[in-house]
Each structure stands twice: as structure tokens, then as C-alpha cells.
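K.L.:
Let me begin by handing over the structure; questions about it come next.
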Amino acid sequence: MSWQVDARRYTAKEGALVLRTAEPTPGTEHLQRLLAERLNQITLPAPVLGLRLRSLETQVL
């Protein structure tokens, strides 16, 4: 997941968070819990203007 922050409030305009699972998972429930846990551990430096979620590697189950 990557994000863009309000440049008027912070000098760095972008940030990223990498999510990985140990094994392929058929549903999104595990990814949702993992993402929620990781987002709870970070503090964004400014209001977020946009989010982007990309899958860099997928496997057929």
C-alpha cells in the first residue's frame, strides 16, 4: 500500500507499507486483519490525500 500526503504540511510526499503473507490465502479476511494491524502501528505525518493498493505477486489457488 502506498499513500500521498498533503505536501503543504510535510516535506515527504509519499510513503509505503509492504504486506506479505507466509502462504497464499484464498480470501481477503487475513489481508484485512494484517493491514489493520500494520496501520495501527504507524503514524502518518500529515493528512493523506490518496491511497493505492497493488498486488506485486499473485498465485492461482
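K.L.:
On the protein heavy atoms, probe 1.4 angstrom, tell me the percent of accessible surface of the chain carried by carbon and sulfur.
P.N.:
The nonpolar share, carbon plus sulfur, comes to 50 percent.
K.L.:
When the Karplus curve 6.51 cos²θ - 1.76 cosθ + 1.60 is applied with θ = phi - 60°, which whole-Hz ³J(HN,Hα) does each residue of the range 40-47 get, with x for Gly and Pro?
P.N.:
Working through the residues one at a time gives 5, 8, 10, 10, 6, x, 7, x Hz.
K.L.:
Oh, and also: Based on the alpha carbons, how large is the Rg to Rh ratio for the chain when Rh follows Kirkwood?
P.N.:
1.04
K.L.:
What residue among Leu34, Leu44, Leu56 has its Cα farthest toward the positive end of the dipole of the chain, where the charges are +1 on Lys, Arg and -1 on Asp, Glu, each on the Cβ?
P.N.:
Leu44
The values are calculated or read from the model by the stated rules, or taken from the named source; none is laboratory data. From a predicted model like this one, the values you see are computed outputs, not experimental measurements. Cβ: placed from backbone, ideal geometry, glycine included. Neighbour counts: every protein chain shown. These area figures cover heavy atoms from the full protein model, side chains too; ligands, DNA and RNA do not enter into them. Shrake-Rupley method; radii C 1.70, N 1.55, O 1.52, S 1.80 Å.
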